[in-house]
Amino acid sequence: MSATVILPELTLIGEEFRRDVAVRVKSDGTIESVGLRTSADLGDELKRRALLPGFVNAHSHAFQRGLRARAQRFDTGSGNFWTWRDTMYELADSLDASEFYETCKQCFQEMLRAGITTVGEFHYLHHAGLTCDDWAFDAPLLSAARDSGIRLVLIQTYYATGNFGQELADAQKRFSGVSREQFLKQFDRLTRELHPATQTAAIACHSVRAAPIDDMVFFRDFSIANRLPFHIHIEEARKEIDDCRAAHGMNPLALLLDRLKIDDSFTAIHCTHSTADDLREYLSRGGRICLCPLTEGNLSDGFPDVPTIRECGGQLCFGTDSNIRISANEELRWMEFAQRLRRERRGVIADTSGSSAAKLHEIGTRSGARALGLRGGGIAPGNPADLIAIDLDHLSMRGATDDAILDSLIFGCGNGPIDHVWVAGNLLVKP
Ligand SMILES: [Zn+2]
């Protein structure tokens, strides 16, 4: 017998909403079956609700939620990515482990309210003390996720240099990977502390400016040998490209293509200023790209070359990154809106039937799950029961016919209509 049976009015199966479906969930938190409801199905009747897979947030720094009310004043006239980074360093330096835990937990709770059931946490703020080898912020991150109930992929991040060939600045010492050996020792310790039902791990190097190339090769090889996803920030700001050219004689993405194995377990975050040639080569090897539209907008990064990514059939996913605003559908619509503004045309991101919302929804669910090494992102047997229900009578959903629910949710709503959220079959948000 199923542990839970969910009986929504509409259920998204594949790309279509169906009526009178029962979603049966096993006690291990996975979906047992999805099919027409029968008289034997006694469970949670969800009237005027549509059931969808939860959103997958492939790139977050939860502690940066603490910056939301800061860094929006420009006393000297203007700011940029680098001036924002100084404020972020001040925040990182001010937190103790319990404040870090509280900020992360609150951020994860806010994600759940936004229908995000999985977060890939790109975790580089490791240490609390002056010795910078205490790893005091690692276990609290796992606890914060576990206590919120969100599914976590811990993307344990290596950070070793202040810029190309430079020692860490004082403000960066809390990020230190210490050494390859110490980093892997800590990674091994953490993997044994993961919650078995809702937590897994991946590896990252922070960026080409924050890790020597030999270390990046080392950790990429480690990720392949252990079948772990590998993530890295790349080409978000032009200065990184200039500095990389000075240090290595080539652009950051070209450097990765030259030295690292790229396949579908590799996710590059941002690629804001990547050249079309580098993008084509990267995508032809199966690499994925994570865009973070609200953060990229907030930080004045620029516009990624999405038309080239789409022409190559490249796999996109999204991240809430700095968590300036936590809304999956808003991230997704701005992935498209930024391109409409830049290219002066609509439908830059659309599926083969011409639906922007369906393609963006796939980017926000299945594609994000793949980037984190997870199955799921759809309502199907064997997938985790990470689900959301939306209120079809919510003011912002009024007028949406069955075939326009995704259009309405992605382009017309905030988080308001999302009023039920399950992770691993546990109902964490309800009206
Ligand atoms: Zn980031």
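Seen from every direction in turn and averaged, the convex hull around the alpha carbons of the chain projects onto 20.4 nm².
Between the beta carbons of residue 39 and residue 147, assuming R0 = 51 Å, the FRET efficiency works out to 0.85 to the nearest 0.05. Which percent of the Cα-Cα distances in segment 107-211 go past 22 Å? Above the 22 Å cut-off, segment 107-211 has 32 percent of its Cα pairs.
Principal-axis analysis of the Cα atoms of the chain puts helix 81-94 at an angle of about 80° to the longest axis. Note on residue 86/residue 188: beta-carbon distance plugged into 1/(1 + (r/R0)^6) with R0 of 60 Å gives a FRET efficiency of 0.95. Projected over every direction and averaged, the convex hull enclosing the alpha-carbon atoms of segment 324-401 yields 7.4 nm². Give, as ranges by residue number, the residues of segment 389-423 whose backbone N falls under 14 Å from the point 7 Å along Cα→Cβ of residue 351. Taking a point 7 Å out along Cα→Cβ of residue 351, the residues of segment 389-423 whose backbone N falls under 14 Å are 403-408, 410.
Based on the reciprocal of the average 1/r between different C-alpha atoms, the Kirkwood radius for segment 270-345 equals 12.6 Å.
Pairing the Cα long axis of helix 213-225 with the longest principal axis of the chain, what angle in degrees results, from 0 to 90 and rounded to the nearest 10? Relative to the chain, helix 213-225 is tipped by roughly 30 degrees.
In plain terms, the chain from residue 167 to residue 131 could stretch by 11.4 nm, reckoned as 0.36 nm per residue minus the Cα-Cα distance. Charged neighbours of residue 414, selected by a Cβ distance under 13 Å, balance to -2 (K, R count +1; D, E count -1). Once both labels are positioned 7 Å from their Cα atoms along Cα-to-Cβ, the gap between residue 225 and residue 248 label points is 2.1 nm.
Among residues other than residue 102 with Cβ under 12 Å from its Cβ, the summed charge is -1 (Lys and Arg +1, Asp and Glu -1). Taken as Cα centroids, segment 128-159 and segment 312-342 sit 26 Å apart, rounded to the nearest whole angstrom.
DSSP assigns beta bridges within the chain; of those with both partners inside it, close to 40 percent run antiparallel.
With K and R counted +1 and D and E -1, the other residues having a Cβ less than 13 Å from that of residue 59 yield a net charge of -4. Give, as ranges by residue number, the residues of segment 1-24 whose backbone N falls under 19 Å from the point 7 Å along Cα→Cβ of residue 47. Counting only backbone N, you get 6-11, 19-22.
All of the numbers you see were taken from the coordinates with simple rules; none came from a lab. Nothing here was measured: the structure is a model prediction, and the numbers come from that model. Here Cβ is always computed from backbone atoms with ideal geometry, including for glycine, and neighbour counts include all displayed protein chains.
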